[in-house]
Amino acid sequence: MPVLPGAEPYRHDGGEVGVLLCHGFTGSPQSMRPWAEYLAERGLTVSVPLLPGHGTRWEDMQVTGWHDWYAEVDRALRELLDRCEAVFVFGLSMGGALTLRLAARYGDAVRGIVLVNPGNKVHGLAARALPVVRHLVPSTKGIASDIAKEGVAEVGYDRVPLHAAHSLRQFFMTVDAELPQVTQPVVLLHSPQDHVVPPADSARILSRISSTDVREILLEQSYHVATLDHDAELIFDESLAFVERLAPGLVDGKGSRSGG
């Protein structure tokens, strides 16, 4: 299947600081593209992979699961670690959970992480029914484009494939158990008005990670896909300041070879 316009993976070869950006469940690199380009313009090496089953049609996602999604970001992280002196991982929603697992497993090889409205749990009574319902109903209403800013849309699916949702639920439980292994510096930004992931998820993550260098920032003007919303510039600026603080002298502010 052809990739949806705007959902293509993105890569920019810049300097010695690398950033891996992880998009969310049923979303695509489009939700991370402005953030990635902001970092690329300031000389960083940036990678935004397209997760398996995403960016085409929701039916393609039915045959994928969290092991597939995690394997793709793991591969992308290894590429950055081979190339760059300092590597960071940033994630939105499920991408935040992927980020946390990479941090837990790679330890000091990941210099720091930035989380935007990270997911930690599939909520509601329906979540408990997923193991059975997914065999009876293929999909449910989508979660894409929870954005306060008018005229902005997320390139994502209008349906949630329930086999994939069941795998997501299992993944969240896996990551939750690994949170105490996360020790890196963290910036966690979350929206009080989020119609996809409740603030309780961010609170749970902050209560379980072992990191001591932690900053929590509220995104008062944005909904779930805050990277495309009113607070996008705040996210971008705070993430760059975080990188500059933890990798002093490595950010030269000069862009280099780019590729989409």
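The values are calculated or read from the model by the stated rules, or taken from the named source; none is laboratory data. Keep in mind it's a predicted model, so treat the numbers as computed, not measured. Methodologically, a virtual Cβ is constructed for each residue, glycine included, from the backbone with ideal geometry; neighbour enumeration extends over all protein chains shown. Just the protein is used for accessible areas: all its heavy atoms, side chains included, with ligands, DNA and RNA removed. Shrake-Rupley method; radii C 1.70, N 1.55, O 1.52, S 1.80 Å.
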Exercise. For region 114-260, what is one quarter of the convex hull surface built on the Cα atoms, given in nm²?
Worked result: 10.9
Exercise. Beyond 14 Å, what share of the Cα-Cα pairs of region 128-198 remains, rounded to the nearest whole percent?
Worked result: 73
Exercise. Normalised by the number of residues in region 53-184, what is the relative contact order in percent for Cα pairs under 8 Å and 6+ residues apart?
Worked result: 32
Seminar exercise, completed: Calc'd 3J(HN,Hα), region 29-38, phi into Karplus 6.51 cos²θ - 1.76 cosθ + 1.60 (θ = phi - 60°), Hz, glycine/Pro = x, comes to x, 4, 5, 10, 4, x, 5, 4, 5, 4
Exercise. In region 3-156, how does Rg compare with the Kirkwood Rh, expressed as the Rg/Rh ratio over alpha carbon atoms?
Worked result: 0.98
Seminar exercise, completed: Note: region 1-76, point scatterers on Cα, Debye, no solvent; log10 I/I(0) at q = 0.16, 0.24, 0.25 Å⁻¹ equals -0.55, -1.06, -1.12
For this session: Could you tell me what percent of the DSSP beta bridges with both partners in region 121-260 are antiparallel, to the nearest 5?
Result: 40
Problem set entry | Computed over the chain: relative contact order in percent, which uses C-alpha pairs under 8 Å that are six or more apart | 25
Exercise. Given charges of +1 on the Cβ of Lys and Arg and -1 on the Cβ of Asp and Glu, with all other atoms neutral, how large is the dipole of the chain about its Cα centre, in debye to the nearest 20?
Worked result: 740
Exercise. Which whole-number percent is the relative contact order of region 108-235 (Cα, under 8 Å, 6+ apart)?
Worked result: 34
Exercise. Which value, in Å² rounded to 10, gives the accessible area of His135 with a 1.4 Å probe and all protein chains present?
Worked result: 120
For this session: For region 180-250, report the translational diffusion coefficient in µm²/s to the nearest whole number, using Stokes-Einstein at 37 °C, 0.692 mPa s, and a Kirkwood Rh over Cα pairs.
Result: 251
For this session: Two decimals is fine: what's Rg over Rh for the chain, C-alpha atoms, Kirkwood radius as Rh?
Result: 0.94
Problem set entry | Dipole magnitude (debye, nearest 20) for region 154-207, charges at Cβ of Lys, Arg, Asp, Glu | 100
Problem set entry | Charge tally in the Cβ shell below 12 Å around Arg57, where Lys, Arg are +1 and Asp, Glu are -1, Arg57 excluded | -2
Exercise. Local charge sum around Leu188 (other residues, Cβ-Cβ under 14 Å, Lys/Arg +1, Asp/Glu -1)?
Worked result: -3
For this session: Take the Cα gyration tensor of region 70-183, multiply each eigenvalue by 5, square-root it, and list the three semi-axes largest first, rounded to whole angstrom.
Result: 28, 18, 13
Problem set entry | At q = 0.13, 0.18, 0.26 Å⁻¹, base-10 log of I(q)/I(0) for region 70-120 (Debye sum, equal scatterers on each alpha carbon) | -0.26, -0.49, -0.98
For this session: Divide by every residue of the chain the summed helix terms, -39500 (n - 2.57) for each DSSP H run of at least 4, and state the resulting mean residue ellipticity at 222 nm, rounded to the nearest 500 deg cm²/dmol.
Result: -11500 deg cm²/dmol
For this session: Read phi for every residue in region 206-221 and hand back ³J(HN,Hα) as whole Hz from Karplus 6.51 cos²θ - 1.76 cosθ + 1.60, θ = phi - 60°, with x for Gly and Pro.
Result: 4, 7, 10, 6, 9, 4, 9, 9, 10, 10, 10, 10, 8, 9, 5, 9
